[in-house]
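Only one structure is covered here, and it is reproduced in the block below.
The values are calculated or read from the model by the stated rules, or taken from the named source; none is laboratory data. These numbers come from a predicted model, not from an experiment. Cβ placement follows ideal geometry from the backbone for every residue including glycine, while neighbour counts extend to all protein chains displayed. Ligands, DNA and RNA are excluded from the accessible area calculation, which covers all protein heavy atoms including side chains. Shrake-Rupley method; radii C 1.70, N 1.55, O 1.52, S 1.80 Å.
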Amino acid sequence: MRNLSVARAVAWRTLHNVFTNPGLVIPQLAFPLFFFTAFAGGLSHIHDVRGFAYPEGYTAFQFVFVLLQSAAFGGVFTGFGIARDFETGFARRLLLAAPHRTGIVSGYALAALCRWLVTAAFLTCVAFAVGMKVGGHGVDLPALYLLAALVNAAAILWACGVAMRLRSMQAGPIMQMPVFLVLFFAPVYVPLGLLTGWIHAVALVNPLTRVLEAGRGFVAGSPTEVAAAYGAAAGLAVLFSLWAVRGLRKAEAAG
Amino acid sequence: MRTTVDQVALLARRSVLRTWRNPAATIFPLVFPMLLLAVNSGGLRAETHLPGFPTKSFVAFALAVPFIQGALFATMNAGTDLARDIESGFMSRLSLTPLRGAALLAGQLGGVIALGLVQACFYLAVGFVVGVRPAAGVGGVAVLLVFAALIALAFGSLGATIAIRTGSTESVQSLFPVFFVFLFISSMNIPRNLISTRWFRDAATANPVSYLLECVRSLIITGWNGEALGLGFGILAVIGVAGLSSAAAALPRRLAR
Amino acid sequence: MDHPNTIEAEKLVREFKKGPRAVDGIDLHVDAGEIYGFLGPNGAGKSTTVLMLTTLLPPTAGAARVGGYDVVREGPQVRANIGAALQEAALDPLLTGREHLRLQAALQALPREERGPRAAELLDRVGLTEAADRKVRGYSGGMKRRLDLAMALVHRPRILFLDEPTTGLDVQSRTALWDEVGRLAREDGVTVFLTTQYLEEADVLADRVGIIDHGRIVAEGTPDALKAEIGRPTVEVIPLGEDGRGPVAAVLERFGTLVPSSRGIAVRLEGGEAGLAEVVRALDAAGVHVAQLELHSPSLDDVFLAKTGRSLEGHGAE
């Protein structure tokens, strides 16, 4: 019960800061929208490459990637806030006030999820407004959002673990770069089958590839590799929750 | 005259050293554009199958992008360093010395140009390793380096203007998303004639960054193209003159003694 | 009582990698309702001790119990019973004073309906009602300190840790904070562990003082006892004219040993402060005219000097 109270308090404070500060809320909405515009608008001709078979069109194809990207970066950006809290000493206040400190990690994760849900809603509205076609039925889109929420959880827990180990804003690139690489070493612009060479080999073992392909399957109404995708996303979330809690223990030991 | 040259050299050296001693500022401009090049050249290779695509090597096509990203880093480096000098009071200390304002600006931009050239050499070397041979030959490589130096000068002076006018690193950093938008809404990833979404093609056509990209790209994949070179250097000249004159105009107020 | 409001430490040690022992085996016992002043210069180990006692830093060796709970094994129980205002009043510049208090109340799991009234009550108590709805980034240093104290009190802790609470404050803010801390101990029975670099603060506020140097407690006791331990008070007399020096010296010799004085004649009173009245009467009886008479009590700095060979005055904050 006290853990829940701590989690809610930490989440409230993080969300309050984000949504009352235009410098934080605008990039959160603008960047995914911008990537969606740049990829879906600028590269739509790629859909004409032989072998590119995605019935819902390039807008829907890119929407799934940008949605997952916003989920992952929503987590990382929340991680920046954690690093800032340690740098300014505010985290010490949280560590002191929270009887059960795992509630702090849960609070940050809850904030990252709520923060991303706003972005996801905004992005979805824009996508439908510009004519995105969806082939799936009732359950397919929620399944995509659930998958993205797991990606969000994995990303915030990864970033949280880094922030609590380094306890400095200098941790920013370390949080960001691996997430960037995992995202972009997946089939971002074309389906997996059209990738060749080293990038194909990397994409094959990249867990995000399963998530991306399954997500595109949901939007097309023909889900593929659903179990593998959920397994990969949930596996990452569990793995990084252990990473985050160990990070918390390291922060506690460091004082 | 000799004193001014010494001052410029000293300040340029300081500018290079402070970047060199900050690993994040040195490594990021070298590594990040190469990562993006790797990601995009892998993911977008299928584009070369589109009818009308100008080359069979997407890496050669995409190698122009790091040069323009160099502009972004030049702006940030020049602006952030100057703004930090203002915030920390170092500029006030300089204003108590007989240092000429022009020497300060030239020194800072000299350092940025030196770093821009290092970056350009690195990008070309990486391109060479993965098999890119500039179609315009050795002369083309020389022109590319001149172009890279001018990019650093022109965009560095824009960053310097913002820094001198606002005196705030935060204001300089806020330029980053603006440049980012200009870069992405351009012919960065696909030739303009192959952009099928009309509004995007129009935006890319109106965007000066497209012509800077196409200037570099022409030297790498097509050879000597007078129109592309003229547009690229012309746009750079306009940006440079505007940036330098506004920075020079703002400087006396900041250095008011 | 199972869980008294006491603080106990036994051979508490904290070592940092590649550094000296910041805290080197200290023993402490602070009674319920007592104000304990922890006095020491820069880097003596005051803040490290507080971090360990508040569960923010695990000890390398030794044990400590706060409020009857072990700081290592029963961290959640310790945190539920203590309040702390640490050296940097780490506040969120984007939140208002009231929002900070409500956040703290939520973190401490106060029932939702209690949070608002408790925040208002504390804001009033620390004199921040008018500024309550302003963002903290506009607060002065003194206001931040007062808000920090209010936050430490949100959940009505039984034990309060204050790490250099008045460093950097003006005299008025310092006095207000002393009054509040004194009231908490006297009226609410809160045990207060206070670190300070100000001798006056320890002297005025603390029931007992521990002096720490190089990670070790070098002296402990009430301020008066500590001062008495190192010496008797001195009376310094300045005669009205130069020819009065001899008669004054003759009188003062009867009360103890004469000690050097740059302005007049001084004597260390063998009988303590009580001898002052006797001195005055004796001077009067001898018909000596006196321009000025001063009683000098030993200060805590004298205590520190006696125990460590160095003076505490002039040291900065830890």
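For a Förster distance of 22 Å, can you work out the FRET efficiency between the beta-carbons of residue C:259 and residue C:204, rounded to the nearest 0.05?
On the way: r = 27 Å, r/R0 = 1.23.
FRET efficiency, residue C:259 to residue C:204: 0.20.
Which semi-axes, in whole Å and largest first, does the equivalent ellipsoid of region C:17-126 have when worked out from the alpha carbon gyration tensor as the square roots of 5 times its eigenvalues? Can you show the working numbers first?
Values: eigenvalues 178, 57, 40 Å².
Rounded to whole Å, the semi-axes are 30, 17, 14.
Three principal axis extents of region B:47-121 based on alpha-carbon atoms, in descending order, are 63, 20, 16 Å. Calculated over the protein assembly as shown, the projected area of the Cα convex hull averaged across directions stands at 45.9 nm².
The stretch between residue B:237 and residue B:180, if pulled fully straight at 0.36 nm per residue, gains 18.4 nm over its current Cα-Cα span.
The trypsin sites (Lys or Arg not before Pro) of region A:1-95 that meet both conditions, a loop assignment by DSSP and at most 13 other Cβ atoms within 10 Å of the site Cβ, are A:50. The C-alpha atoms of chain C define a longest principal axis, and helix C:112-125 lies at about 20 degrees to it. Relative to the dominant Cα principal axis of chain A, helix A:140-166 is inclined by about 40°.
Counting partner chain Cβ atoms within 10 Å of every residue's Cβ in A:31-43, what's the average? Could you put the intermediate results ahead of the total?
Values: counts 3, 0, 0, 5, 1, 0, 7, 9, 2, 2, 11, 16, 10.
So the per-residue partner count for this stretch is 5.
For chain B, what is one quarter of the convex hull surface built on the Cα atoms, given in nm²?
That works out to 14.0 nm².
Cα centroid separation, region C:244-309 to region A:1-72: 81 Å.
On average, how many beta carbons from a partner chain sit within 10 Å of the beta carbon of a residue in C:47-54?
Numbers: counts 1, 1, 0, 0, 3, 1, 0, 4.
Taking all residues of C:47-54 together, the mean is 1.
Ranked from largest to smallest solvent-accessible area, with a 1.4 Å probe on the protein heavy atoms, C:170, B:81, C:224, C:203 come out as C:224, C:170, C:203, B:81. Between region B:178-223 and region C:94-139, how far is it from one alpha carbon centroid to the other, in angstrom? Region B:178-223 and region C:94-139 have Cα centres separated by 53 Å. Computed with a 1.4 angstrom probe on protein heavy atoms, the A-B interface buries about 2300 square angstrom of accessible area in total.
With a simple spin-label model that places each label point 7 Å from the Cα along the Cα-to-Cβ direction, the separation between residue B:88 and residue A:47 comes to 5.2 nm.
Applying a threshold of 23 Å to the alpha-carbon distances of A:133/B:56; C:11/C:307; C:144/C:227; C:17/C:46; A:250/C:135; C:227/C:307 flags A:133/B:56; C:144/C:227; A:250/C:135 as lying beyond it. In plain terms, the chain from residue B:206 to residue B:50 could stretch by 53.8 nm, reckoned as 0.36 nm per residue minus the Cα-Cα distance. Compared with the dominant principal axis of the Cα atoms in chain A, helix A:102-129 is inclined by about 30°. Rolling a 1.4 Å probe over the heavy atoms of the protein chains gives region B:203-257 an accessible area of 45 Å² per residue.
For region C:7-227, the solvent-accessible area with a 1.4 angstrom probe is 38 square angstrom per residue. Hydrodynamic estimate: the Kirkwood radius of region C:161-318 over Cα pairs, inserted into Stokes-Einstein at 37 °C and 0.692 mPa s, corresponds to D of 182 µm²/s. Once divided by 2.2 N^0.38 Å, the Cα radius of gyration of region A:2-254 becomes 1.03. Measuring r between the beta carbons of residue B:248 and residue B:138 and using R0 = 51 Å, the FRET efficiency lands at 0.90.
With contacts taken as Cα pairs under 8 Å and at least 6 residues apart, chain A reaches a relative contact order of 27 percent. Computed extension gain for residue C:297 through residue C:29, at 0.36 nm per residue and net of the alpha carbon distance, reaches 93.7 nm. Residue B:141 sits with roughly 40 Å² accessible to a 1.4 Å probe, with DNA, RNA and ligands left out of the calculation.
Using unit Cβ charges (K, R positive; D, E negative) and no other charged atoms, how large, in debye to the nearest 20, is the dipole of chain A about its Cα centre?
Details: 17 positive and 8 negative charges, 205 e Å.
For this selection, approximately 980 debye.
Put a dot 7 Å past the Cα of residue C:290, heading toward its Cβ, do the same for residue A:196, and the two dots end up 10.8 nm apart.
Could you order A:134, A:76, A:205 by accessible surface area, starting with the largest, using a probe radius of 1.4 Å? Intermediate results must be reported in sequence, preceding the final value.
Details: A:134 50, A:76 0, A:205 120 Å².
The most accessible residue leads, giving A:205, A:134, A:76.
For chain C, the mean projected area of the C-alpha convex hull, equal to one quarter of the hull surface, is 20.1 nm². Remark: mean inter-chain Cβ contacts per residue of C:65-73 equal 0, using a 10 Å Cβ-Cβ cutoff to other protein chain atoms.
Look at the dipole of region C:139-240 built from charges on Cβ: of C:171, C:214, C:159, the Cα furthest out on the positive end belongs to C:159. Modelled label positions at residue A:130 and residue C:172, each set 7 Å beyond Cα in the direction of Cβ, lie 5.9 nm from each other.
Please work out the FRET efficiency for the pair residue C:121 and residue C:186, using the Cβ-Cβ distance as r and a Förster radius of 22 Å; give the result to the nearest 0.05.
Numbers: r = 19 Å, r/R0 = 0.84.
Here the calculated transfer efficiency is 0.75.
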